[in-house]
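Enquirer: Take this structure first; my questions come after.
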Amino acid sequence: MVVGTPGDHEEVPVTFRDLMQQRWSCREFLPEPLDDASLTGLFATAQRTASWCNTQAWGVHLLGGEALVGFGKRLTEHVAEHPADLSPDVPLPAQYVGAFAERRRGAGFALYESLGIERGDHEARTAQMLRNFDGFGAPHLAIVTSDRDHGVYGAVDCGGYVANLMNAALDAGIASIAQGAIGMYAGKVRELLDLPEDRLVICGVALGRPAADHPVNGFRTERAALTDVVTEIRS
């Protein structure tokens with residue numbers, strides 16, 4: 001990826017550090033699909049992800065067009081009617097405490113504030129939550145699965161794959177968001193996609209062009225200080 005201003009005689013390469021500083025999660029997409037060459041490039045790059053013993057346990061079902069519309073409609077209806085019917089293939093966190101809880105709350109508050117949704121407006125909050133299950137209107141939704149026999153190792157490898165897929169998208173000027181919420185209803189996802197039992201549903205990744213002027217795409221989450229997460233040991 002390169003950046004420059006109109007009239008520049010020279011384009012300035014963007015480094016990986018630059019990309020990471022720019023990375024964000026898109027929550028409202030334009031409906032126009034990406035071209036096949038762009039999609040192929042993203043997944044070809046992500047396929048270079050390192051994995052345990054080079055097992056490459058990830059698998060992807062890439063939904064678009066009418067297939068995505070139907071999938072999103074049926075999954076959204078299921079969650080709306082059975083919100084507590086969780087069926088994750090990967091165990092959910094037992095709890096969030098301390099700094100983890102504060103970061104989680106902070107991200108949620110910033111999201112709803114960007115949309116002008118009050119804390120007590122449960123109807124609006126629910127409506128926004130349900131957008132997770134149609135990919136926030138993205139034209140493409142990748143459902144990432146792992147081999148059941150690989151357990152947590154396969155899930156960790158899929159995490160690396162998802163990060164690389166989103167970074168490849170950012171490098172190509174394409175917006176994305178990883179959607180763990182989709183993995184929380186793995187049972188329904190497996191039914192809708194007719195997935196075999198030996199595949200664990202990890203998450204979804206929505207891909208497309210961002211609705212740049214939408215307020216939900218204006219907020220950014222904060223990052224912890226390095227001193228909070230890096231413990232250096234030298235002796």
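The values are calculated or read from the model by the stated rules, or taken from the named source; none is laboratory data. No experiment lies behind these values; they were computed from the predicted model shown. In this analysis, Cβ positions are derived from the backbone assuming ideal geometry, glycine residues included, and neighbour counts consider all displayed protein chains. Each accessible area value is taken on the protein alone, full model and side chains, heavy atoms only, with ligands, DNA and RNA left out. Shrake-Rupley method; radii C 1.70, N 1.55, O 1.52, S 1.80 Å.
Enquirer: Within the chain, what's the longest run with no GluC sites (Glu not before Pro) in a DSSP loop and at most 15 other beta-carbon atoms within 10 Å? Give the range, please.
Expert: 12-117
Enquirer: I would also like to ask the following. For Cα pairs less than 8 Å apart in space and 6+ apart in sequence, what is the mean separation divided by the residue count of the range 75-195, i.e. the relative contact order in percent?
Expert: 44 percent
Enquirer: Read phi for every residue in the range 97-108 and hand back ³J(HN,Hα) as whole Hz from Karplus 6.51 cos²θ - 1.76 cosθ + 1.60, θ = phi - 60°, with x for Gly and Pro.
Expert: Those phi angles translate into 10, x, 4, 5, 5, 5, 5, 5, 5, x, 5, x Hz.
Enquirer: Roughly how many percent of the accessible protein surface of the range 1-149 is carbon and sulfur, given a 1.4 Å probe and a whole-percent answer?
Expert: Heavy-atom surface of the range 1-149 belonging to carbon and sulfur, 1.4 Å probe: 54 percent.
Enquirer: So what's the convex hull volume per residue for the Cα atoms of the range 1-144, in Å³? All intermediate terms of the calculation are to be shown ahead of the outcome.
Expert: Working: hull volume 29.9 nm³, N = 144.
Per residue, the Cα convex hull of the range 1-144 comes to 208 Å³.
Enquirer: Considering only DSSP states other than H, G, I, E and B, which trypsin sites (Lys or Arg not before Pro) in the range 18-76 qualify as loop sites with at most 12 other Cβ atoms within 10 Å?
Expert: Working: sites: 23, 27, 48, 73, 74; in loops: 23, 27, 48.
When the trypsin sites (Lys or Arg not before Pro) of the range 18-76 are filtered for loop state and at most 12 Cβ neighbours within 10 Å, 48 remain.
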